[in-house]
Amino acid sequence: MELQSPRSDETHGEHIHVVSPKVYLAILVILLIFTATTVAVSYVDLGVFNAVVALAIACIKMMLVVLFFMHIKYSTKLTKLTVVSGVFIFFTLISLTLADYISRAWGRW
Amino acid sequence: MSETASTTHGVLAGAQHEHPPYQRHHFSSVAQQFDASNFAMWLFLLTEIMFFGGLFTSYLIMRNWYYPAFVAGSHQLSIFLGTTMTAVLIISSFTMAMAVWCAETGRKRDLILSLSLTLLLGVVFLCLKGFEWHGEWVEYHVPGLRFSVENFVNPASDPQVFKEYHDKPLATDMAENVGQYFFLYFVMTGMHALHMIIGVSVLTFMILRARAGDYTSGHVTFVENFGLYWHFVDIVWIFLFPLLYLISRHS
Amino acid sequence: MNYISPVLWQFLRKWLTHFALFPPEASKMASQMDALFFFLVLVSLVGLTVVVLIVVGSSMAYHHRRHPQAVQIEGSTLLEATWTIIPLGLFLVMFVWGALLYFRVYTPPANAMNIYVVGKQWMWKAEHPGGQHEIDALHVPIGRPIQLTLISQDVFHSFSIPAFRVKREAIPGRYTSVWFEATQVGTYHLFCTQYCGTNHSQMIGEVVVMTPDDYQKWLAGSTSGDSLAQDGERLFASLSCNACHNPTAAARGPNLVGVYGSHLTLTSGQTITVDEAYLRSAILDPSEHVTQGYAPIMPTYQGQVSEEGVIALVEYIKNLNSDYRIQQTLNTTGFSPNIEEKQAPAGKATAAPGEVKQ
Amino acid sequence: MSTSTLVTLPDQSTAKIPKVNFLNQENGLLSWILTLDHKRIAILYLITTVFFFMIGGAAAAVIRLELLTPAGDLVAADTYNKLFSIHGIIMVFFFLVPIAPAVLGNFLIPLMIGARDVALPRVNLLSWYLFVIGGCFELYMIIFGGVDTGWTFTTPLSTHYVNTHVVGAAMGIFIAGFSSILTGINFIVTIHKMRAPGMTWFRLPLFIWSFYATSIIFVLATPVIAIAMVLIVLERVVGIGVFDPARGGDPILFQHLFWFYSHPAVYVMILPGMGVISEVVSTFSRKRVFGYTAVAFSSVAIAVFSFFVWAHHMFIMGISNYSALVFSLMTMLVAVPSAIKVFNWSATMYKGSIHFDTPMIYTLGFLGLFTIGGLTGVFLATLGMDIHLTETYFIVAHFHYVMVGGMVSALMAGIHFWWPKITGRMYPESLGRLAAIILFIGFNLTFFPQFILGYLGMPRRYWSYPPEFQVLNVFSSAGATILAIGYLLPFLYLPWSITYGEIAGSNPWKATGLEWQTQSPPLMENFPEIPIMDHEAYDYDWLERHQQEVASV
């Protein structure tokens, strides 16, 4: 379950970090469990929190896939920064657009 | 970052023939080539995030406006099918990750096996998706082409769903808005399916090349990058699933 | 003048005699807008002058023949900070000034007279509260704040009166509003400025600003007999709205008397203020706005009522709110009261709850 | 060649174009259309974008001719609407957005950073093909009836109220969008991964910084318009969609998605121009760019801030007033880096040793026009002012000052500056200067009156207009004629110079960039040996020492 070899900093991707199949298998199991959980939770009435929980679980699943299946955990800072900036602009688009819709109701000028 | 990697290459320029066959002439080392294409793949995925970003934005606005319609629309989808598709896709992601591992460790037979499994699961997903779409078509849930509000203004007309959720009838104006839900459903799952189809085609091509031993001789860039793509498509589905299938299932 | 004049100087002479850099200042907002414009022009001129001075000065002083060896300068943090902070400061001043003006243009005063404007391909239809309709024209009195409630029946249009320095998009499916107070008698351009299809450039008209007396005459001369609210009342009856919306205890819909301006709690738990926009969407998308305590049984009137019809209904429901109207009339200052008097009886008559019940 | 120029041409009696260069290394049409060489792809792009420029320009000519008289008497209203739509779509998506990155960027980025090619040459060629396919959609659309939505595709007009080829136009933009995305990815990767030894980030020419910023926008903003176009096409095809107010959709949502791309796209158009200006100002002042770091970071700042300003196109469209506040403030902030740049370029000239060759004259024109364009942009960012100015000729004048006055001036500066590098030959200098001056005069005469027209209230996209606006329109149309001459001159003398121009030698401008340290035109693999960067950018002392060394050897 632990990483097979420590990250070799000096090589800069010259040597791809090989992740053990055990890690992959563990991630798969966790992902499937989360899938079952999210379905189960959707049958429980939590009010607005249904959506929140569903999205939170989706985010956790995404994180797992990105970190392990996509090897971000073992990637260079540049790649990490790339992912973060993508997610950031994604949220900019969504949040600034939604902010317009939400704040329209605040007052009618 | 790459300065350190490339300092030595001014001298190496004349020694291109020593490079492995898969190294392209304008790179000074395999590492640089791998780095570059891997980074490029990530940037491409960034593009994809923003591509789906437009759809998610539209979805969130419509869902907030027409929540009852989205609930009613969502109840029309089979949660069993949705969960199965999610599981299929997650497992295919796992087999893809395994394929990358096989390529990295030079296991040719296992690589072909993992890729084939991934392909199989991808095709299964697409078939399930097609089956589900067919269901929507039969049930008159395809906005613009074959759509009726019958199931929403009179939920009892759809006994299967009604038995489970006892949906209250929607007013006609809200029932019309279920069309918005299904429009987004088809666009989002359609765009996702389009990515899957592209992925499946590339997989077929990759299996052929893997049989020729192309990826097990040290050149794993392509498998690795395709893996990133496949996982990304999986992530999109991870979000589509709760957003489209799991709206207020408890009612 | 629909041909190229053979003698261009005729144009020139005419243009020079009527030379204008500004459209006429015909509203209260115009001079404020122009003041901001002057400020912006001034800042721009100063900025441009500085750049041009540096560039031209350097070009002359450091021509390579005069100055064969360049002096290498890395940069200067102080200088760069100066030309970061000064523009930033100026921009912030513009931002605040502009924002204040923006809110002023888009915040109608409470005592404004409301005129509805419907945009459609390719004309403007104005509906006065007294029931006067006009197409591609707008008659307004001087010295009275006028609020325009705009909506489009098809695509985006934009209602622009350059002489008043106001502009607002007319959007399909939603009311927007803008206001002005005309200060100069005259006839001014009215443009559609948002591209709206083939005859976009024909979607123009005239704004006629009149003295209050002339305006009275115009109102009297062009009335169709019924006020907007009366039109609405008739529509209300013909759509059988009163079958549910009546003040009896057994009513299936909420009583609409006094609903305008009140705070409603919806079934979703949300509290909203009832305004024109709310009334409109309650007619067209009723199930989104069900009042607490009522079943979502109201059918939609989407496609059955035109935008003009919705406006009439909204105006009628507003007039049911007789107390509110009287209040507003009392607040109205600087305006000859006889218009209100003329309209108020009609409004009051229709506002009587007894009539609605029938 | 007059004495006032910088050009150090080799002895013309003996000078020769290098025997082997990227232009003649391989022959035949196939070697061009299947080439993976970034320089050849740049030339393919140059030819195609110039072709589209001609189409867009022809449309503009008819538009200006129509506006000579107040009545709509030259063409029908529908035709006029199609003309300005075609002008907008072609000029924005098929000329301004691609030309600078795809032509100058493709040609110069690998040369400037000391690489043999861009990181992904095959993707580079693919992106040209995507561009051509997208262009074919537009040509199909133009030939079979055109489109009359304007380049902004405002819904519900574009989805339910016009019967023209919206689908074709939208698909063309969608496909060309992927061309931009791939180009952007390619540049970012190239700049990150392909730099020559010693080429640290702060030794990069400022040109590279600008193109890096441009590429960020390409990658992150373009997909959003792609999906918006897909939704428009779907809405037209199936008749329902999220933008349709009659079916519960929201047309403002389209505005959000559209401007999320189209505002940053404006910076895609101007940032490369800023890169060119940095190079040219430095070279012709013989001086390091004043405040290198500030200029470099202001490029990136513009790119980043450009993602937070889009709704300033919607101030009067009924967005929330709180949103309007935020977007106005952000727009004010994005104006600051542009101001910094203008001041830094001006300060670069201070105590320089200035030469007035053609690229420099274009650059001086750029400084003036871009300053006006930028400052009038601030007018429009100012909330209250925007109410009166938006959707009038003021806005037309403003963005033409930035896009055409600014960007095209910079582009012309760039093309003249690197022309000897691309072709190995000099263009006729005096004609070049003449064209630059004509362009400046013609441009101002065309577009300055439009500021006044705009404040007077003349709405944009009007086929006929009230007669009192005629005189200013006549000025504008007259200016357009002069402007056209300014454009046509280079079209004549630049091709002429390919055959008859004087041979340029590798570094006619005595510039410091790595691209000037190799032969002109360069080899297919750019450098015989990958150079090692051992000095700062714009180090003219290094250049002198280096040249002396070469001479002494």
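The values are calculated or read from the model by the stated rules, or taken from the named source; none is laboratory data. Since we're looking at a predicted model, the values are computed, not measured. All Cβ positions, glycine included, derive from the backbone under ideal geometry; neighbour counts span all protein chains shown.
Given the options D:PHE443, D:PHE451, D:PHE447, name the one that is crowded, with 21+ Cβ neighbours inside 10 Å, part of a helix (DSSP H, G or I) and in contact with a His (Cβ under 6 Å, 6 or more places away or on another chain).
One residue alone meets the criteria, D:PHE447.
Quick test of your reading of the structure: D:PRO459 fulfils all but one of (1) surrounded by fewer than 23 Cβ atoms within 10 Å (Cβ to Cβ); (2) within 12 Å of chain C (Cβ to nearest Cβ). Name the failing condition by number.
Evaluating D:PRO459 over (1) surrounded by fewer than 23 Cβ atoms within 10 Å (Cβ to Cβ); (2) within 12 Å of chain C (Cβ to nearest Cβ) leaves (1) as the failure.
With the checklist (1) surrounded by fewer than 21 Cβ atoms within 10 Å (Cβ to Cβ); (2) more than 9 Å from every other protein chain (Cβ to nearest Cβ) in hand, flag the one item C:TRP124 doesn't pass.
(1)
Among (1) surrounded by fewer than 24 Cβ atoms within 10 Å (Cβ to Cβ); (2) assigned to a helix (DSSP H, G or I); (3) within 13 Å of another protein chain (Cβ to nearest Cβ), which single condition is D:LEU130 missing?
(3)
Suppose we filter C:LEU101, C:LEU88 for residues that are outside the structural domain of C:LEU190 (by TED's automatic domain parsing) and crowded, with 20+ Cβ neighbours inside 10 Å; which single one remains?
Exactly one of C:LEU101, C:LEU88 is outside the structural domain of C:LEU190 (by TED's automatic domain parsing) and crowded, with 20+ Cβ neighbours inside 10 Å, namely C:LEU101.
Find the residue count for the stretch B:219-229, including only residues that are over 15 Å from B:THR47 (Cα atoms) and within 10 Å of another protein chain (Cβ to nearest Cβ).
Matching residues across the stretch B:219-229 total 4.
Consider C:GLN32 against the criteria (1) more than 7 Å from every other protein chain (Cβ to nearest Cβ); (2) in contact with a strand residue (DSSP E or B) (Cβ under 6 Å, 6 or more places away or on another chain): it satisfies all of them except one. Which criterion is unmet?
Failed condition: (2).
Inspect the stretch A:98-109 for any residue being touching a residue at least 12 places away in the same chain (Cβ under 8 Å) and facing chain B (nearest Cβ under 10 Å) and give the result as yes or no.
Checking the stretch A:98-109: not a single residue is touching a residue at least 12 places away in the same chain (Cβ under 8 Å) and facing chain B (nearest Cβ under 10 Å).
Does A:SER95 satisfy being crowded, with 19+ Cβ neighbours inside 10 Å and either more than 9 Å from chain B (Cβ to nearest Cβ) or closer than 29 Å to B:LEU89 by Cα (or both)?
Working: crowded, with 19+ Cβ neighbours inside 10 Å: no; either more than 9 Å from chain B (Cβ to nearest Cβ) or closer than 29 Å to B:LEU89 by Cα (or both): yes.
It is false that A:SER95 is crowded, with 19+ Cβ neighbours inside 10 Å and either more than 9 Å from chain B (Cβ to nearest Cβ) or closer than 29 Å to B:LEU89 by Cα (or both).
Need the failing condition index for C:ARG234 against (1) over 19 Å from the mean Cα position of the chain (by Cα); (2) part of a loop (DSSP other than H, G, I, E, B), just the number.
The single condition C:ARG234 does not satisfy is (2).
Does D:LEU182 count as assigned to a helix (DSSP H, G or I) and either under 24 Å from D:VAL276 (Cβ atoms) or more than 24 Å from the chain's Cα centre (by Cα) (or both)?
On the way: assigned to a helix (DSSP H, G or I): yes; either under 24 Å from D:VAL276 (Cβ atoms) or more than 24 Å from the chain's Cα centre (by Cα) (or both): yes.
In short, yes.
Inspect all residues belonging to the stretch C:38-51 and state whether any of them is over 25 Å from D:SER346 (Cα atoms), in a helix (DSSP H, G or I) and of a type outside the set (Lys, Arg). Give the derivation first.
Of all residues in the stretch C:38-51, those over 25 Å from D:SER346 (Cα atoms) come to C:38.
Those left that are additionally in a helix (DSSP H, G or I): C:38.
Imposing the further condition that a residue be of a type outside the set (Lys, Arg) reduces the set to C:38.
Yes, some residue in the stretch C:38-51 is over 25 Å from D:SER346 (Cα atoms), in a helix (DSSP H, G or I) and of a type outside the set (Lys, Arg).
Confirm whether D:VAL238 is closer than 26 Å to B:PHE52 by Cβ, facing another protein chain (nearest Cβ under 10 Å), free of Cβ contacts under 8 Å to residues at least 24 places away in the same chain and not polar (S, T, N, Q).
In short, yes.
Listed here are the residues, each with its yes/no results for (1) in contact with a helix residue (DSSP H, G or I) (Cβ under 6 Å, 6 or more places away or on another chain); (2) at pLDDT 95 or above; (3) within 7 Å of another protein chain (Cβ to nearest Cβ); (4) buried (at least 24 other Cβ atoms within 10 Å of the Cβ).
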{"position": "D:ILE175", "(1), (2), (3), (4)": "yes, yes, no, no"}
{"position": "D:ILE181", "(1), (2), (3), (4)": "yes, yes, yes, yes"}
{"position": "D:GLY184", "(1), (2), (3), (4)": "yes, yes, no, yes"}
{"position": "D:PHE187", "(1), (2), (3), (4)": "yes, yes, no, yes"}
{"position": "D:GLY198", "(1), (2), (3), (4)": "no, no, no, no"}
{"position": "D:PHE207", "(1), (2), (3), (4)": "yes, yes, no, yes"}
{"position": "D:TYR212", "(1), (2), (3), (4)": "yes, yes, no, yes"}
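Give the number of residues within the stretch D:462-515 that are among the hydrophobic types (A, V, I, L, M, F, W, C), farther than 28 Å from C:ILE204 by Cα and within 14 Å of chain C (Cβ to nearest Cβ).
Residues that pass the stated criteria total 2.
Here are B:HIS134, B:HIS192: which of them is part of a helix (DSSP H, G or I) and farther than 25 Å from A:ALA40 by Cα?
B:HIS134
When the stretch C:275-320 is examined, which residues are found to be under 16 Å from C:ASN246 (Cβ atoms) and more than 13 Å from chain B (Cβ to nearest Cβ)?
Within the stretch C:275-320, C:THR291, C:GLY293, C:LEU313, C:TYR316, C:ILE317, C:LEU320 qualify.
If you check D:GLY146, D:GLY114, which single one turns out to be within 14 Å of chain B (Cβ to nearest Cβ) and among the small types (Gly, Ala, Ser)?
D:GLY114
Just to be sure before I move on: is B:ILE49 within 20 Å of B:PHE239 (Cα to Cα), part of a helix (DSSP H, G or I) and in contact with an Asp or Glu (Cβ under 8 Å, 6 or more places away or on another chain) in the structure I sent?
Working: within 20 Å of B:PHE239 (Cα to Cα): yes; part of a helix (DSSP H, G or I): yes; in contact with an Asp or Glu (Cβ under 8 Å, 6 or more places away or on another chain): no.
Here the answer is no, as B:ILE49 does not meet what is asked.
Check whether at least one residue in the stretch B:148-169 is facing another protein chain (nearest Cβ under 10 Å) and outside any helix (DSSP H, G or I), and report yes or no.
Checking the stretch B:148-169: at least one residue is facing another protein chain (nearest Cβ under 10 Å) and outside any helix (DSSP H, G or I).
Are any of the residues in the stretch D:47-58 more than 22 Å from D:GLY442 (Cα to Cα), part of a helix (DSSP H, G or I) and touching a Pro at 6+ places or on another chain (Cβ under 6 Å)?
Checked against the condition, which is being more than 22 Å from D:GLY442 (Cα to Cα), part of a helix (DSSP H, G or I) and touching a Pro at 6+ places or on another chain (Cβ under 6 Å), the stretch D:47-58 yields at least one hit.
On the basis of being crowded, with 23+ Cβ neighbours inside 10 Å and modelled with pLDDT of 95 or more, does B:TYR185 make the cut?
Numbers: crowded, with 23+ Cβ neighbours inside 10 Å: yes; modelled with pLDDT of 95 or more: yes.
In short, yes.
Identify all residues within the stretch C:263-284 that are exposed (fewer than 14 other Cβ atoms within 10 Å of the Cβ) and either at positive phi or touching a residue at least 60 places away in the same chain (Cβ under 8 Å) (or both); write none if there are none.
Answer for the stretch C:263-284, where residues must be exposed (fewer than 14 other Cβ atoms within 10 Å of the Cβ) and either at positive phi or touching a residue at least 60 places away in the same chain (Cβ under 8 Å) (or both): just C:GLY269.
Those residues that are surrounded by 18 or more Cβ atoms within 10 Å (Cβ to Cβ) and either more than 14 Å from chain D (Cβ to nearest Cβ) or part of a loop (DSSP other than H, G, I, E, B) (or both), I need them from the stretch C:200-218; list them, please.
Matches in the stretch C:200-218: C:MET203, C:ILE204, C:VAL208, C:VAL209, C:MET210, C:TYR215, C:TRP218.
From the list D:ILE316, D:ILE252, which one is crowded, with 23+ Cβ neighbours inside 10 Å, part of a loop (DSSP other than H, G, I, E, B) and within 9 Å of chain C (Cβ to nearest Cβ)?
One residue alone meets the criteria, D:ILE316.
Mind checking which helices (runs of 4 or more DSSP H) fall wholly inside the stretch D:328-421 and carry at least 1 residues that are within 10 Å of chain C (Cβ to nearest Cβ), closer than 30 Å to C:ALA70 by Cα and among the β-branched types (Val, Ile, Thr)?
So the answer is D:358-381.
Can you tell me which residue is surrounded by the fewest Cβ atoms within 10 Å (Cβ to Cβ) among those in the stretch D:286-313 that are more than 9 Å from every other protein chain (Cβ to nearest Cβ) and within 19 Å of C:LYS167 (Cα to Cα)?
Among those that are more than 9 Å from every other protein chain (Cβ to nearest Cβ) and within 19 Å of C:LYS167 (Cα to Cα), it is D:HIS313.
Just to be sure, is C:LEU228 in contact (Cβ under 8 Å) with a residue 40 or more places away in the chain, under 22 Å from C:GLN153 (Cβ atoms), of a type in the set (A, V, I, L, M) and touching a Pro at 6+ places or on another chain (Cβ under 6 Å)? Can you show your working first?
Details: in contact (Cβ under 8 Å) with a residue 40 or more places away in the chain: yes; under 22 Å from C:GLN153 (Cβ atoms): yes; of a type in the set (A, V, I, L, M): yes; touching a Pro at 6+ places or on another chain (Cβ under 6 Å): yes.
Judged against the criteria, C:LEU228 is a match.
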